[in-house]
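Readers should treat all values here as calculations from the given coordinates under stated rules, not as data from a laboratory. All figures in this text were calculated on a predicted structure; none of them were measured in a lab. Virtual Cβ from ideal backbone geometry, glycine too; neighbours counted across all protein chains shown.
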Number of protein chains: 2
Amino acid sequence: MAKRLTQQDIARMAGVSQATVSLVLNNRTDGGVRIAPETRARVLEVIRRTGYVANPIARRLHDQRNRILGVFTYEAVFPSTRADFYQPFLEGIEEQAEVAGCDLLLFTSAKAAEGKRRIFSDDSRIRLADGCVLLGRSIDRDDLAQLVAEGVPFVSIGRRDDAGGPVPHIGADYPAAVRNLVDRAVALGHRRFAYLGAGTGAESSADRLRGFKQAVAAHGVEGTHVQFAGLGQLLDAGITAVLAEEVSDGAALVLAARERGLSVPGDLSVLMLGAATRPAPDDVQLTGFRIPRREMGRRAVQALTEVLEHGTTPRELLACEFVEGTTLGPCRAQG
Amino acid sequence: MAKRLTQQDIARMAGVSQATVSLVLNNRTDGGVRIAPETRARVLEVIRRTGYVANPIARRLHDQRNRILGVFTYEAVFPSTRADFYQPFLEGIEEQAEVAGCDLLLFTSAKAAEGKRRIFSDDSRIRLADGCVLLGRSIDRDDLAQLVAEGVPFVSIGRRDDAGGPVPHIGADYPAAVRNLVDRAVALGHRRFAYLGAGTGAESSADRLRGFKQAVAAHGVEGTHVQFAGLGQLLDAGITAVLAEEVSDGAALVLAARERGLSVPGDLSVLMLGAATRPAPDDVQLTGFRIPRREMGRRAVQALTEVLEHGTTPRELLACEFVEGTTLGPCRAQG
DNA sequence: TCAAGATGCTAATTCGAATTATTACAGGGT
DNA sequence: ACCCTGTAATAATTCGAATTAGCATCTTGA
């Protein structure tokens, strides 16, 4: 394996110093730096002849930045079972990283204890990158707290509660998105709502439920929260509009209603709160909203560069776009 | 902007010298190096508390190892239009990188001149990684030659022709896979074959066509190569079995035949040569073979570690699995 | 003629971690 | 006291390029 040429080698060949080679190479003319045209030409000629290129490693050592942005996930991102969830985020991340001229480091080495990666372990590699984007439905609280405490530059995709300090994040504005859906349903005459789903655990779940509660309170209408529920229970309770946290649950409701000969949205309106984490049938056009995943990825990388440059703590919620499906209609229950 | 911690910082906090920190960090016990257990513990404690990791840049400047493997592609890998192609490879790459305890560096910074990234540019970052996996249907010949010439450790996914020297690669054994298809068709009575597709350009295309020519020659049957062809031309020429390089082309043929009231494989057998680079209708079950993409990704990373450890030049073709579809049947043309 | 200024280049240092050579200090034996 | 042998840690150097301070040498102008 032929040894790489160094600036020292070039300098020797051109009969100048290493410093001169560097100055010529970087075309420096500012601040009292002067190189005679013939010297410059001589150096350039040697460089041209030898095909020398600066060693990027050495170059990077000098400035502080590695131009590497980390992407941490608790699980592998490429398996097809996971691709649906991660892919849109990653698309945005990649796009913006390209703009920023940074490379992306996927922390595949993070040892998986109990099937789940950890950010901090015996030899955490998180600081290999200049900064890091965190990706996942929920992030370990202790990991987050440690990141904050240690001042690791990072941005979470998805809003996060404080963890010993504010957590920089780019999230989706679920409360507003859910309120919007309730507003529309109320305008169509609905008065009895149900929120179907966990509504707790991950911030994304809690935020949706919070938006739901705010909205029903604001309108003075009835709103109940059920973790699981069959179609029968909902109908028995006089519910006319269901907001399903999981798209697949919403879709299941629609299918169940159809099987019973009920009409959606005639007899029941079903709204979905964002995207699926489980596969959903695609023959049901649920009304709801779309999470701007790709945009979140982009903004997260932008935010990360802000963190790196100004040490700020950016927090931002992006609006979710309303999706006009076929499962929201006027309430025609007995009034 | 929180400055990165250095070994010097750790040393100060632990009340030792930078050299000691390095020795502890690398767990050096050989060659007369001794660190008192309590000193070691103290240093490790500071490291643990601060979450310090060695700057990969500095480390790489000195010796040669980051435990970072690069992944180079000429285009973004995450956009959904590209995900189908890259994802299975990446899945294998990620899986094996995890086994090897390495992180993956996606070269998103490579500036896109004319819409295409280049491996080598003014400030190539390819050497940030210990080694690199190259991914793409075709790889620029000049880039390849330069990689070989400069002794950059890398492995190409997909067979590559020599470029100023042998190119390390993990490919799919297209010739064997295509020969196998022809063998089966001949056994079913087919005597007039057509190869539909480019058959040139990327090695993967050329390899398929080569396998086709070998097979028809070996059997002494008729085989023609057409870049584009309508169903009519093929039938007029008495072709009974078509091997389509592009899955979508094969599927189109089948649909065209059905529209004409012809039976596949009754009147015409259609075989597909691997996977789709363009979307194909999924209601046609083409007979052909499956490219072991994920396995190729895995093996490429394994091969790369071999390159790194022993400086070898691994070249290997993986077998493609036969896919029993519904479009290959006995030849019932006039015989 | 001699200081002031311009010109052209280089020595020395820096970045962060790894390594080698070396020092410092015990305690033990004579 | 003196030498020897472990033991424990550090100073100094290295990698390749970028940068700064500074040293020669040559022009000018008074």
What's the angle, to the nearest 10 degrees (0 to 90), between helix B:80-100's Cα axis and the longest principal axis of chain B? 50 degrees
At q = 0.09, 0.10, 0.11 Å⁻¹, what is the base-10 log of I(q)/I(0) for the stretch B:49-178 according to the Debye formula with one equal point scatterer per Cα and no solvent? Please give it to two decimals. -0.29, -0.35, -0.43
Please give the FRET efficiency for B:Arg258 paired with A:Leu235, using the beta carbon to beta carbon distance and R0 = 51 Å, rounded to the nearest 0.05. 0.65
With only Lys, Arg, Asp and Glu charged, each at its Cβ (+1 for the first two, -1 for the last two), find how big the charge dipole of chain A is about the Cα centre; round to the nearest 20 debye. 1080 debye
Per residue, how big is the convex hull around the C-alpha atoms of chain A? Give it to me in cubic angstrom, could you? 194 Å³
When a footprinting reagent is the concern and you count Cβ atoms within 10 Å, what order do A:Tyr195, A:Tyr86 take, fewest first? A:Tyr86, A:Tyr195
Place a +1 charge on the Cβ of each Lys and Arg in the protein assembly as shown and a -1 charge on the Cβ of each Asp and Glu, then give the dipole magnitude about the Cα centre in debye, rounded to the nearest 20. 1560 debye
For the stretch B:140-154, in order, what is each residue's ³J(HN,Hα) by Karplus, 6.51 cos²θ - 1.76 cosθ + 1.60 with θ = phi - 60°, in whole Hz (x at glycine and Pro)? 4, 4, 5, 4, 4, 4, 5, 4, 5, 5, 7, x, 5, x, 7
Express as a percent, rounded to the nearest 5, the fraction of DSSP beta bridges in the protein assembly as shown (both residues included) that run antiparallel. 15 percent
Considering amide H positions built from the backbone, and no H for Pro or chain starts, which residues 5 or more places from B:Leu318, or on another chain, come under 5 Å of its amide H? B:Gly171, B:Ala172, B:Asp173
Out of the GluC sites (Glu not before Pro) in the stretch A:229-335, which ones are loop residues according to DSSP with at most 13 other C-beta atoms within 10 Å? A:Glu324
If you put a point 7 Å past Cα along the Cβ direction, how far is that point for A:Gly51 from the same point in each other copy, in nm, smallest first? 4.4
What 222 nm value per residue comes from the helices of chain A, counting each DSSP H run with n ≥ 4 as -39,500 (n - 2.57) and dividing by all residues, nearest 500 deg cm²/dmol? -12500 deg cm²/dmol
For B:94-101, mean number of other protein chain Cβ atoms within 10 Å: 4
Beta bridges per DSSP with both ends in the stretch B:111-248, % antiparallel, nearest 5: 10 percent
Rounded to the nearest 20 debye, what is the charge dipole size of the stretch B:135-277 about its Cα centre when +1 sits on each Lys and Arg Cβ and -1 on each Asp and Glu Cβ? 500 debye
Taking the beta-carbon count within 10 Å as an exposure proxy, list B:Thr305, A:Thr50 from fewest neighbours to most. A:Thr50, B:Thr305
Tilt, helix A:37-50 to longest principal axis of chain A (alpha-carbon atoms), in degrees rounded to tens, equals 70 degrees
If you count, for each residue, the other Cβ atoms within 10 Å and average over each peptide, how do A:144-157, A:61-74 line up from highest to lowest? A:144-157, A:61-74
Placed amide H near A:Arg118: partners under 5 Å, 5+ positions off or other chain: A:Lys111, A:Ala113
Among B:Val254, B:Ser121, B:Pro175, whose Cα projects farthest towards the positive end of the dipole of chain B, with charges put on the beta-carbon of Lys, Arg (+1) and Asp, Glu (-1)? B:Ser121
Distances in nm between the label point of B:Asp63 (7 Å along Cα→Cβ) and its equivalents in the other copies, shortest first, are 2.9
List the residues whose amide H sits under 5 Å from the amide H of B:Thr287, counting only those 5 or more places along or on another chain, with H placed 1.01 Å from N in the peptide plane. B:Met272, B:Gly325, B:Thr326, B:Thr327, B:Leu328
Evaluated at 20 °C with a viscosity of 1.002 mPa s, what Stokes-Einstein diffusion coefficient in µm²/s does the protein assembly as shown have when Rh comes from the Kirkwood expression over alpha-carbon pairs? 74 µm²/s
Computed over the Cα atoms of the stretch B:155-245, the Rg and Dmax in Å are 14.4, 45
With Cα coordinates, the longest principal axis of chain B makes an angle with the long axis of helix B:203-219, in degrees rounded to 10, of 40 degrees
